[in-house]
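What follows is calculated from the coordinates using simple rules that are stated; it is not laboratory data. Fair warning: this is a prediction, and the values are worked out from it, not measured in the lab. Methodologically, a virtual Cβ is constructed for each residue, glycine included, from the backbone with ideal geometry; neighbour enumeration extends over all protein chains shown.
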Amino acid sequence: MSLVAKRYAQALFDTAVDKNIVDEVFDEFSTVIDLFKSEAELMDLMLTPSINTSEKKGILNRIYKEESLNQYLKNFLDILLDRSRFEYVVEINETFRQLVFPYKNTVEAVVKTAVPLDETLRVALEKNLEKRFDKKVILDNQIDETIIGGAVVYVGDQIIDGSIRNQLNQMKTQMNSIRL
Amino acid sequence: METTGLISIDARVMIATLINFVIFFFIVKHFFYDAIKGIIAKRQDSITAEITGAEEKNVSAGQLKLEYEGLLADIKGKEREIIRDANAEAQAQRQAILDKAHIEAKAVLDKANAEIELEKSKAMNEVKSNIVDLSLFAAEKIIHKEMDPKQHEAMILDFIDKVGEAK
């Protein structure tokens, strides 16, 4: 993480805590970033030097109207444009999330499955992970057919591997360790 | 003058000659006898001394001969000793060379055996690894084919339960 991203993320986080709008800013900032990530052309426009700041603010205003963003978040994004720091917006969001998670006693987790996880299973897994880590868990499901079956959960630097791939790998290790 | 034959006897001549001889004898005896006798005695002494010297030399030569024979015997003894030592040393060297050669040969053999064992082990492990890979590849294909949505769900449910159990 760059120092710029850390500084801006900390400023936004401090303001959100101060104004008691952490959840709101967290959700809305994530929505905006998801939009920029899914619309690569929109992000390119925001980073194009030949387009002036007022035009870029016009683009942001259209997003604000659609998403009805919090005023403090709007001001924050405008400041990034004014100070030519918009290129750091994704990184700032990531740093901001890292600040919010401990504050909300929350942890991000990724569960990899060979088939999409239906909502019931996702909620059940989230619940059990929360019980296990004693934290609120935000779970993201990613499809990875190479695991064959079962699931693998990544929480921070911890891995809980219940995949068929892992079982096959363990079997392979055991079979290879047999002395002839 | 009376002529006679080739040989004639004249008494006067004979007497004169005899007188001459006697005079000559006494002169010689008087003047030269002791000198001649001294010379002869000296010569005799010299010869005696030479004979004695020769005898002494002979004795000395005999002693030298004995001495040299003794020395020769010593030399032969030493020569035999040197040859014996040389033989012993050569034998020891031969044994040392043989021992070294045996040790080296054993080391080479041991190394070769170890390499053979290693290669054998490598080959066995490679075969084993191939068998394992092939078995797991086949198992994976079968599992892929056999897995249906229900089995996926069952496995995930099992995983969720285990996540909840272990803390």
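Amide H to amide H distances under 5 Å link A:VAL107 with A:LYS136, A:VAL137, A:ILE138, where only residues 5 or more positions off or on other chains count and H is placed in the peptide plane.
Computed from Cα positions, the angle between helix B:149-165 and the longest principal axis of chain B comes to roughly 70 degrees.
Across all Cα atoms of segment A:3-102, the radius of gyration (one decimal) and Dmax (whole number) stand at 12.7, 40 Å. Rounded to the nearest 20, the Cβ-based charge dipole of the protein assembly as shown about its Cα centre (Lys and Arg +1, Asp and Glu -1) stands at 1380 debye. If you average the alpha carbon positions of segment A:106-145 and of segment B:110-167, how far apart do those two centres end up, in angstrom? Cα centroid of segment A:106-145 versus Cα centroid of segment B:110-167: 27 Å apart.
Taken residue by residue and averaged, Cβ atoms of other chains lying within 10 Å of the Cβ of A:108-119 number 2. Each semi-axis of the equivalent ellipsoid for chain A is √(5λ) with λ an eigenvalue of the Cα gyration tensor; in descending order they amount to 39, 19, 16 Å.
Taking a Cβ cut-off of under 12 Å around B:LEU134, the surrounding Lys, Arg, Asp and Glu residues balance to a net charge of +1, with basic ones at +1 and acidic ones at -1. Bridges between two residues of chain A, per DSSP, are antiparallel at a rate of about 60%. In this rough spin-label picture, where each label sits 7 Å from Cα along the Cβ direction, the B:ALA138-A:GLU87 distance is 5.7 nm. Averaged over the residues of A:124-131, the number of partner chain Cβ atoms lying within 10 Å of the residue Cβ comes to 4.
The mean count of C-beta atoms from other chains within 10 Å of the C-beta of residues in B:148-157, rounded to a whole number, is 5.
Could you work out the equivalent-ellipsoid semi-axes for chain B, taking the square root of 5 times each eigenvalue of the Cα gyration tensor, largest first, in whole Å?
On the way: eigenvalues 4057, 85, 21 Å².
Calculated on Cα positions only, the semi-axes equal 142, 21, 10 Å.
Taking 25 °C and 0.890 mPa s as conditions, segment A:105-177 diffuses translationally at an estimated 190 µm²/s according to Stokes-Einstein applied to its Kirkwood radius (Cα pairs). Couplings for segment A:12-18, taken from phi via the Karplus curve 6.51 cos²θ - 1.76 cosθ + 1.60 with θ = phi - 60°, read 5, 4, 4, 5, 5, 5, 4 Hz in order; Gly and Pro are left as x. Helix B:11-31 and the longest principal axis of the C-alpha atoms of chain B enclose an angle of approximately 50°. Summarising the strand pairing of the protein assembly as shown, around 60 percent of its internal DSSP beta bridges are antiparallel.
Our compactness index for the protein assembly as shown, the C-alpha radius of gyration over the empirical 2.2 N^0.38 Å, is 3.28.
Please label the shape of segment B:1-65 as rounded, prolate or oblate, based on the square roots a ≥ b ≥ c of the eigenvalues of the alpha-carbon gyration tensor (a/c under 1.5 means rounded; beyond that, a/b larger than b/c means prolate, else oblate).
oblate
Where does each of A:128-135, B:81-88 land if you order them by average Cβ count within 10 Å, highest first? Intermediate results must be reported in sequence, preceding the final value.
On the way: A:128-135: 17.1, B:81-88: 10.1.
Put in order of decreasing packing, that is A:128-135, B:81-88.
Partners of B:LYS111 within straight-line reach, counting lysines whose Cα lies under 20 Å from its Cα and excluding those fewer than 8 residues away in the same chain: B:LYS100, B:LYS120, B:LYS122.
Projected label points at A:GLU119 and B:GLN91, each 7 Å from Cα along the beta carbon direction, are separated by 10.5 nanometres. With respect to chain A, whose longest principal axis is taken over its alpha-carbon atoms, helix A:89-103 is tilted by about 60°.
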